[in-house]
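J.: So that we are looking at the same thing, I have put the structure below in structure tokens.
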Amino acid sequence: MVTVAENERAKIEKAAKWIQANPDIKYPQKEPSIYIPKRLIFSKAYRSLSRCALLVYQDFMAKREMVSTKSDGKKCWRVNNNGEILYPYSEAEENGFSRGQFRDAIDELQQKGLIDIRHIGKGGRKPTNKVTAENDASKYWIDDRWQDYDTDAFRPPRKPRKKDSRKDRGWSLYHGKKK
């Protein structure tokens with residue numbers, strides 16, 4: 001009977017031989033996958049998403065780092081970086097979303113319970129910590145509040161994005177007088 005360790009060793013040796021025989025060709029690797037539960041796909045929250053919000057949500061799902069664990073002897077998966085997922089506006093623009101589309105998609109995903117904001121960033125402003133000189137980006141959490149969407153048990157987002165409510169200050173005052 002072949003043990004698991006011997007089987008793995010044989011696979012590694014086979015891959016090493018293939019790499020030596022084909023130095024100019026990259027060894028084929030398994031394509032990363034995105035797992036979306038069936039009950040999420042058929043939920044009201046997911047089905048009512050706009051096109052843009054659906055694409056942004058799939059980007060969030062692709063940013064998850066899934067780790068295999070065992071619970072009660074069964075293999076299960078958990079998100080390793082939940083609450084630490086970064087998706088800055090600059091990356092969204094590279095993916096073809098305008099700043100307004102991305103902002104509206106984040107709002108919609110939050111209102112339907114699919115994601116939540118763990119930390120609200122500074123929005124591209126200069127960092128306050130000069131020592132590390134890191135930009136303060138928003139960090140997102142993939143949430144499961146969507147299961148209660150459109151019911152009485154649905155909880156509002158923990159940290160909704162603050163909308164600009166300045167009516168009589170700054171540019172809104174200036175543009176308001178022009179009318």
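The values are calculated or read from the model by the stated rules, or taken from the named source; none is laboratory data. Please read all numbers here as calculations on a predicted model, not as lab measurements. Here Cβ is always computed from backbone atoms with ideal geometry, including for glycine, and neighbour counts include all displayed protein chains. With ligands, DNA and RNA removed, areas are computed over all heavy atoms of the protein, side chains included. Shrake-Rupley method; radii C 1.70, N 1.55, O 1.52, S 1.80 Å.
J.: For the range 81-111, give me each residue that is over 19 Å from A137 (Cα atoms) and in contact with a Pro (Cβ under 9 Å, 6 or more places away or on another chain).
T.: Q111
J.: What tally of residues in the range 1-56 results from selecting those that are of a type in the set (S, T, N, Q) and within 20 Å of F154 (Cβ to Cβ)?
T.: Number of matching residues: 3.
J.: Is there any pair with a first residue in the range 33-62 that is in contact (Cβ under 8 Å) with a residue 40 or more places away in the chain and a second that is open to solvent by 50 Å² or more (accessible area, probe 1.4 Å) whose Cβ atoms are under 6 Å apart and which are 6 or more apart or on different chains, and what are they?
T.: Partner pairs satisfying both residue conditions: K44/Y149; K44/D150; A45/Y149; C52/Q101; M61/I34.
J.: Something else: Would you be able to tell me the number of residues in the range 62-80 that are in contact with a strand residue (DSSP E or B) (Cβ under 9 Å, 6 or more places away or on another chain), closer than 30 Å to A137 by Cα and surrounded by 10 or more Cβ atoms within 10 Å (Cβ to Cβ)?
T.: The total comes to 10.
J.: Oh, and also: Considering (1) in a helix (DSSP H, G or I); (2) closer than 23 Å to K112 by Cα, say which one L49 fails and leave the rest.
T.: Of (1) in a helix (DSSP H, G or I); (2) closer than 23 Å to K112 by Cα, only one is false for L49: (1).
J.: Considering the range 5-44 alone, what residues qualify as being outside any loop (DSSP other than H, G, I, E, B), closer than 24 Å to V67 by Cα and within 35 Å of the chain's Cα centre (by Cα)?
T.: E8, K11, I12, K38, R39, L40, I41
J.: Which residue pairs have Cβ atoms closer than 6 Å, lie 6 or more positions apart in sequence or on different chains, and pair a first residue in the range 4-20 that is surrounded by fewer than 11 Cβ atoms within 10 Å (Cβ to Cβ) with a second residue that is assigned to a helix (DSSP H, G or I)?
T.: From the range 4-20, no pairs qualify.
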